[in-house]
Structures are given as C-alpha cells and as structure tokens.
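Have a look at the structure below, then the notes.
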Amino acid sequence: MKAILGIESSCDDTSAAVIIDGVLRSNVIASQKVHEAFGGVVPELASRAHQQNILPVVSEAIRQAGISKNDLTAIAYTRGPGLLGSLLVGTSFAKGLALGLNIPLIDVNHLAAHALSHFVKETPEDEVPEFPYMCLLISGGNSQIILVKSPVDMEIIGKTIDDAAGEAFDKCAKVMGLPYPGGPHIDRLAAEGNPNAFAFARPKIPGLDYSFSGLKTSFLYTLRDGLAEDPEFIEKNKADLAASLQQAIIDILLAKLSKAVKIHRPRQIAIGGGVSANSGVRNAIENFCKGRGIKAWIPKRSFTTDNAAMVAIAGAMRFTPDHITDISLPPYSKTAIS
C-alpha cells in the first residue's frame, strides 16, 4: 500500500488529503472566514489560522482515510508559491511529521499541483488525461497557459504581465460593493444579466501573454460615469455589469488560448485554478474544445480551489528517488513551475 498525505497551506485554506494507491480517500479543507471583513486575505491572520487548523485538519484527513499516521508512505506538501507565513506553517508541520514518522518528504509547486489536479481519482475507474496536454491555469494570482509534458516537465508559454483573471473578478466585484471573495457573486449575478450590455476593454497584448489591468480600469470608469448620472447605477445594473465583466474576461482568456492552440495543436485542454469554477468559463472552454475536436478536462469544483488532493496526487506522481525533498529546504513565496 502506498499512502500519500498531502498538505496545502499556500494562502487562506488549510487542507489535508490522503491518496492510497492512486485513489483519493479524504480531502479536508478548513476555510478562513476572518478575511471577509477586510475584503481580502490578511497574511498575518492567515498564518495564525493555519496554526490553529493544521493539526485537526491533518488528523481528520487520516481518520477519514481509514488509516493511522504510521501507515503513511510519504508526505507531499506545498512548498510554494504563496504567502510565506502560511507556507511556513504547512512546511514546518510536514517536516516535523515526516521526521517523527521517518518517512520521505515530497515538495510540490502549488501551480503544478493545479495543473495535475485532473489526475485525482475518486474511484479506480476514473479517467485522467494523457500526456502531453495544454492547461489553462486561472486563479486569483495567476493566469497561465502551460504545456504539461509530464508530472515533472511543464512549460509556461503564456502568462499575465500584470493582474490575473481572478484578481480582475474580485477587484471589480469589490468596487461594486459585493462581498469577498467576489468571483462567486459575479458568477451568480452573471447568470441573470446581459453579457452585451456594457463594452469593456479587451487589451491587445502581443504573443500569448495576458493582461487584465486595462479591463479593470475600463470597468472602473464605467462605474464612475454611471454613478455620476445616477447614484443607483450599480444597483440597477448589477446583473448586466457582472455578465459583461465575465464575458470580457472569457473573451480575453479564449483569444490567447486560440492562438496557443493554433501554434501547438494540443489534443487535450485542461483548466485549473479557482476561476475554473466559474460557470461561464467552464461552458466557454467546453464549447471552445468541442468546436475544435479537442478533449476538454473540466475539474470538479471541489478541486478548483486550493486543496490538498491536488498536492497529494502531484506528490504521488513525483515520488521517485530523484524527487525526495531535503528537509532543510525552505518554502518560497514566488517562483515559476518546477
């Protein structure tokens, strides 16, 4: 039996999961509500909450998996990128537990874990992608097009040069007065609105890189001008604003993905990251792939946000003598996929 414990603590979700012989047996997530009052994640509060949550979360993941800690084969953990204080909690706990149990550590890049999340199996019969495939990774901090050649060989061919898609959703939602995180609220409102009601800027960036700062500025100016004429402008147009914003983000994402497909001609496209939970994005990717005869991999929503199941499977897929982590390695806040 090969039992891998995954630990994820890169931002504000404390998560632990157990994968046994390639099949997910548990995936426990403790979210932090404290940040809602501040309209965004407060790093110091996040790290403190991780300290409170990590022991009960890991214990519950092991219990739900039906094993004891002594049955674990190895521990996979998110080493980065992310909030350094949060990563230190997860990294320190993983190191201490590995030392205590005398089992190997496998460090996992958070972005690579998102790109490999489609390999999480809930039953042995679940289908998974075949290498190579193209991944559109879209989250609060990253928007990237990645060629996934193997669990240890990934090439970023396009990335954001400023803001990420998730950041655009959340910041535009904030100026509309919507609660944090704003993405789910935009998704819900967009279903009731007209995506062509407002025309927001689509930046023209050469190559395969993304930019969302111009879209945010265009959105802000629309609100400013609308409120100057009618103080109730946002309230009267919430659904249409959300739908038009969502459509603009989808158009920007698909324009670059279309270019990448013409160059690299992938047979499969996967999406990952928190924004891949958005209904409009999911439908758009599915239709995009269907129209081109490409296999689409759309993740379950439970595997789109930060979770330890993706860390555990990435660790299991990288678990070879060449990828045992030296316990002295520190976490890192920023880096490319490795």
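The values are calculated or read from the model by the stated rules, or taken from the named source; none is laboratory data. Only a predicted model underlies this, so the values are computations on that prediction, with no experimental measurement involved. Note: ideal-geometry Cβ built from the backbone for every residue, glycine included; neighbour counts use all protein chains shown. Only protein heavy atoms, including side chains, enter the accessible area calculation; ligands, DNA and RNA are left aside. Shrake-Rupley method; radii C 1.70, N 1.55, O 1.52, S 1.80 Å.
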How far apart, in nm, are two points set 7 Å out from the Cα along the Cα-to-Cβ line at Thr335 and at Leu220?
3.4
Loop-exposed GluC sites (Glu not before Pro) per DSSP, neighbour cap 10 Cβ within 10 angstrom, longest uninterrupted part of the chain
1-124
PRE reach from Ala239 (point 7 Å along Cα→Cβ): which of the range 158-201 fall under 16 Å by backbone N?
185-198
At 1.567 mPa s and 4 °C, Stokes diffusion of the range 266-326 via Kirkwood alpha-carbon radius, µm² per second
98
With every protein chain in place, the chain: carbon and sulfur % of accessible area (1.4 Å):
52
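Compute the relative contact order of the chain as a whole-number percentage, counting only Cα pairs closer than 8 Å that sit 6 or more residues apart in sequence. Before the final figure, lay out each step's value.
Numbers: 740 pairs, mean separation 82.7, N = 338.
In percent, rounded to a whole number, it is 24.
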Quick check: pseudo-label points 7 Å beyond the Cα along Cα→Cβ at Ser213 and Ala199, how many nm apart are they?
2.5
List the trypsin sites (Lys or Arg not before Pro) within the range 242-310 that DSSP assigns to loop and that have no more than 15 neighbouring Cβ atoms inside 10 Å.
Arg267, Arg292, Lys300
Counting helices only, and only those DSSP H runs with n ≥ 4, report the 222 nm mean residue ellipticity of the chain as the sum of -39,500 (n - 2.57) divided by its residues, in deg cm²/dmol to the nearest 500.
-13500 deg cm²/dmol
From the cross-link list Lys216/Lys300; Lys262/Lys300; Lys121/Lys259; Lys2/Lys95; Lys149/Lys259, which pairs have alpha carbons spaced over 25 Å apart?
Lys216/Lys300; Lys262/Lys300; Lys121/Lys259
Tell me, what is the per residue accessible area of the chain in Å², probe radius 1.4 Å?
43
For the range 184-234 versus the range 8-32, the gap between their alpha-carbon centres in whole angstrom
34
Hey, if you put +1 on the Cβ of every Lys and Arg and -1 on every Asp and Glu Cβ in the range 181-324, which of Ile294, His185, Val281 ends up farthest toward the positive end of that dipole?
Ile294
